[in-house]
Amino acid sequence: MSKKHLKFLFFAVIVFAVFLVSSSVFASSDAAAPVLPVEGGSSMPWWAWPFILFIVTFLMGIVAVLGGVGGGVLFVPIIGGFFPFHIDFVRGAGLLVALAGALAAGPGLLKKGMADLRLAIPVAVIASSCAIVGAMIGLALPANIVNIALGGTILGIVLIMAIAKKSEYPEVKQADNLSTALRISGIYHEVSTGQDINWKIHRTPQGLATFIIIGVMAGMFGLGAGWANVPVLNLMMGAPLKVSVATSKFLLSITDTSAAWIYVNNGAVLPMMVAPSIIGIMLGSIVGVRILAKTKPAAIRYIVIFMLLFAGTRALLKGLGIWN
Amino acid sequence: MSNKLQATEEQLAYAKLLDLGMKVGLLMLVVTFFIYVFGIFTPHIPVNELPNYWKLPVKEYLKAADIHTGWSWVSKVGEGDFLNFIPIVFLAGVTILCYIRIIPILFRKKDTIYAFIAIIEVLVLVLAASGVLKSGGH
């Protein structure tokens with residue numbers, strides 16, 4: 001990243017932070033909604049939490065890119081565990097954060113041919129339908145149950161991240177009948193080796209069935225689902241790793257769209273949370289990508305795993321009423 | 001070099017529209033958030049009252065703030081906070097537009113199965129966006 005770009009990003013972050021803080025002076029206190037009595041109110045001014053949210057999501061954007069995870073999977077357990085926002089709004093914001101990230105990455109991945117529309121379309125129709133069901137279940141469940149299930153899921157993700165193997169070019173001896181009928185195959189150009197990689201997939205029915213569960217979980221917890229998409233596309237269905245990662249990222253723009261609509265239509269979206277989160281994580285991701293181009297510190301992945309372990313435990317204990 | 005090295009026509013059309021929609025949506029989000037926090041339009045919930053609302057479960061929040069679900073926000077779009085729903089639903093709607101964009105291309109290429117899957121996807125997303133599906137609440 002050039003010094004000019006870094007200066008611009010630093011300037012953008014400072015401007016946004018000043019903008020949030022100074023808004024306390026200008027913001028109107030007249031409103032149509034009834035005024036609720038303050039119960040056990042924090043001594044912090046109202047703008048402090050959105051401001052901290054912006055800073056934390058900015059850092060989260062950097063860490064997520066360097067750690068190779070989506071922003072949503074960090075957002076929900078960390079913001080849900082350590083911020084005063086109710087888990088309903090955290091999940092709504094989490095989905096929109098994951099959606100914004102996927103929308104931003106999608107065009108480039110599609111144009112380069114890394115994300116594959118033919119692979120994504122059948123998967124998306126299943127995952128997005130099931131994400132609707134997941135979102136409705138998630139909004140109907142009590143917060144403690146959601147926190148327990150979320151904690152368990154996050155700890156499961158930690159396990160997957162810690163032990164799951166990845167296969168750069170999985171061996172697919174023969175494409176299955178369904179993927180052959182749907183003509184799901186491709187060639188992509190591997191820049192690092194200069195080779196054109198032919199790929200095809202197998203176990204398509206099993207893979208599609210797995211996306212029923214992934215879709216429900218994505219909608220229920222507002223996590224995004226890259227952590228599950230990639231192993232299924234890569235290890236189960238046999239797509240090359242780069243195609244799996246790119247298609248997974250693009251896929252989130254469809255899966256999270258359907259779940260996000262349910263949260264929006266059920267009122268679980270607070271603009272004061274959503275806007276700083278999206279802007280923070282997008283700016284952080286830009287910085288993260290630039291850092292990644294120069295170096296990839298291996299320790300970051302362990303930091304991400306540790307953060308998820310801590311946040312997942314926090315969600316679990318919060319749900320169980322042990323650590324409120 | 002195989003043709004498949006190049007992204008397909010529908011993939012490029014999808015990407016182009018997605019790119020445009022994402023940029024417009026994010027720009028709108030920054031602008032409407034600016035309008036909101038600077039109180040240019042009076043918000044439905046006073047910003048200094050927000051800490052009393054964001055800790056509530058969504059059902060209690062809706063009741064306390066006298067907010068209705070579904071597309072009722074459209075009638076409140078003149079209020080600073082609800083103004084932000086325009087970019088949010090725009091970002092949530094971009095994918096629907098992208099799918100609609102590629103359906104004619106798929107039909108023209110006689111890729112009927114994918115055209116029908118794309119139509120089903122549009123129907124699924126429109127159903128989600130319609131506000132017909134309500135959560136049971138807790």
Count - residues of the stretch B:59-95 that are over 30 Å from B:Lys16 (Cβ atoms), in contact (Cβ under 8 Å) with a residue 60 or more places away in the chain and not in a loop (DSSP other than H, G, I, E, B): 2
Of all residues making up the stretch B:35-61, the number that are within 20 Å of the chain's Cα centre (by Cα) and either on the phi > 0 side of the Ramachandran plot or facing another protein chain (nearest Cβ under 7 Å) (or both): 2
The stretch A:270-282, residues that are closer than 13 Å to A:Leu59 by Cα and either within 11 Å of another protein chain (Cβ to nearest Cβ) or in contact with a strand residue (DSSP E or B) (Cβ under 7 Å, 6 or more places away or on another chain) (or both): A:Pro276, A:Ser277, A:Ile278, A:Ile279, A:Met282
Evaluation of B:Lys110 against (1) at the interface with chain A (Cβ under 7 Å from one of its Cβ atoms); (2) farther than 29 Å from A:Asp88 by Cα; (3) part of a loop (DSSP other than H, G, I, E, B) (one fails), failing number: (1)
Test: residue in the stretch A:238-250 that is surrounded by fewer than 23 Cβ atoms within 10 Å (Cβ to Cβ) and more than 23 Å from B:Leu17 (Cα to Cα): yes
Any chance B:Thr95 is at the interface with chain A (Cβ under 7 Å from one of its Cβ atoms) and at pLDDT below 95: no
Tabulated pairs, the stretch A:198-218, first surrounded by fewer than 23 Cβ atoms within 10 Å (Cβ to Cβ), second among the charged types (D, E, K, R), C-beta under 8 angstrom, 6+ apart or interchain: A:His202/A:Lys173; A:His202/A:Asp176; A:Arg203/A:Asp176; A:Pro205/A:Asp176
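The values are calculated or read from the model by the stated rules, or taken from the named source; none is laboratory data. This is a predicted model, so every value here is computed, not measured. Backbone-built Cβ (ideal geometry, glycine too); neighbour counts: all protein chains shown.
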